[in-house]
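Here is the structure we will look at.
The values are calculated or read from the model by the stated rules, or taken from the named source; none is laboratory data. Given the structure is predicted, the values throughout are model-derived calculations rather than measurements. All Cβ positions, even for glycine, are placed from backbone atoms using ideal geometry, and neighbour counts span all protein chains on display.
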Amino acid sequence: MNLRLPLLRYALWVAVFAAVGCGRKSTSQVVSGSPVAQSPSVSPVTAATQSPAVAPSTTPSPGAKANQSPSSDLAKLETRVRPSVIWVTVFDAKGNLLRTQSGFFISADGRLATTARAIEGAINAVAKTADGGIHNVSGILAASKALDLAVLQADVKQVTFVERNKNGNLSQGAGVVVIGSALAGNEGSAREMTIASQDPERLEITGATPASSVGSPIVNGDGEVVGVVTSAGEKTIARPSAALDSLLSRVSDETEPNWPGTAETRGTPRPTLKPRLVYAPAPAFPPRAAQPGLSGTGRFRLTFDAQGNVTNVQMIQSTGNRLFDEAATNTLRQWKSSPSQGWVVTVPVTFQTR
């Protein structure tokens, strides 16, 4: 009797354990290695986490292919036009910097276009190219405050320039590109835009442009200038190339570039004034020669003509460093004096690192 009772309890425990084990197996499943109770919500959650991970990797964006060709064309257009886009830096009679604005060469012999506002109060200017070149601007050929356009002449023999569009075949909705100077960094990058409205003297372009774009060319797909940016910001305003052509029609082969501030006043004869320097920037320290303790002093003789332009720079005494001599000579050629009968001055130049 005592032996049968333990056997009965043992059999009962085995039956209960088996029932519990069978119940777990039939009411759960493994998802991602963890037991999860079955319910209608399990399947949607699992599908939602899988779908986005698969779709982008197997289905390419249709817009990506569509943009590949225009991006390539835009890069080629930028490479073609950008070397002609420059910075025009202007100075007042005391040699103080007034402002820097974009511009672009419109002929191989150094004619350039920018805005009339860029040269207000200026008596001298230099044109800076993306390759590091600095060219003296000898004067203004034509300017119009009404159009806010100016044509200047740079002292350079040969430059890359952009052709102007002669057809005038612009229409509302036409695609154009604004290209700034490489000296402006990312702000000078080519920007694809659209003509919102146009008339013979004004273009309105959809899209915003940075302030550094003022004076930059607007070109068509052939790289021809169709306009000049005169106002930047959320709304871009420009003058069409026809307005620039109208300004250029005032320039003849006999037109001499000049700065209004250097013109002699005609009238009652007065005693001849002693000539004075009106623009005399200091030579910049050559980056390649920037070594601690490096220095040099030289003397250079400058010859000025009656208009105050430097016609010759002669090195009387070398600084002892070729880079110093070149930097001094290039800068001294840009000096200006007041009108005179022509004169000569010897200038000492010292380079010294601290």
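For this structure, a couple of remarks:
- Selected residue (criterion: modelled with the lowest pLDDT) from residues of region 202-216 that are over 13 Å from residue 179 (Cβ atoms) and of a type outside the set (A, V, I, L, M): 207
- Condition met for residue 137 (under 22 Å from residue 260 (Cα atoms) and touching a Pro at 6+ places or on another chain (Cβ under 9 Å)): yes
- Qualifying positions in region 228-240 - more than 16 Å from residue 118 (Cβ to Cβ) and at pLDDT 90 or above: 236, 240
- Sub-6 Å Cβ pairs linking a first residue in region 171-186 that is assigned by TED's automatic domain parsing to the domain that holds residue 226 to a second residue that is of a type in the set (Phe, Trp, Tyr) and buried (at least 17 other Cβ atoms within 10 Å of the Cβ), at least 6 apart or interchain, are 181/87; 183/87, ordered by first then second residue.
- Matching residues in region 290-309 - criterion: being hydrophobic (A, V, I, L, M, F, W, C) and crowded, with 18+ Cβ neighbours inside 10 Å: 300, 302, 304
- The one condition in (1) modelled with pLDDT of 90 or more; (2) in contact with an Asp or Glu (Cβ under 7 Å, 6 or more places away or on another chain); (3) of a type in the set (Val, Ile, Thr) that residue 100 fails to fulfil: (2)
Residues checked against (1) surrounded by fewer than 23 Cβ atoms within 10 Å (Cβ to Cβ); (2) more than 21 Å from residue 100 (Cα to Cα):
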{"residue": "229", "(1), (2)": "no, no"}
{"residue": "233", "(1), (2)": "yes, no"}
{"residue": "236", "(1), (2)": "no, no"}
{"residue": "243", "(1), (2)": "yes, yes"}
{"residue": "246", "(1), (2)": "yes, yes"}
{"residue": "251", "(1), (2)": "yes, yes"}
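- Strands (runs of 3 or more DSSP E) contained in region 139-219 and holding at least 1 residues within 20 Å of residue 126 (Cβ to Cβ) and not small (Gly, Ala, Ser): 149-154, 217-219
- Flag if residue 150 is buried (at least 17 other Cβ atoms within 10 Å of the Cβ) and more than 13 Å from the chain's Cα centre (by Cα): yes
Residue-wise test of (1) at pLDDT 90 or above; (2) assigned to a loop (DSSP other than H, G, I, E, B).
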site	(1), (2)
306	no, yes
312	yes, no
328	yes, no
339	no, yes
351	no, no
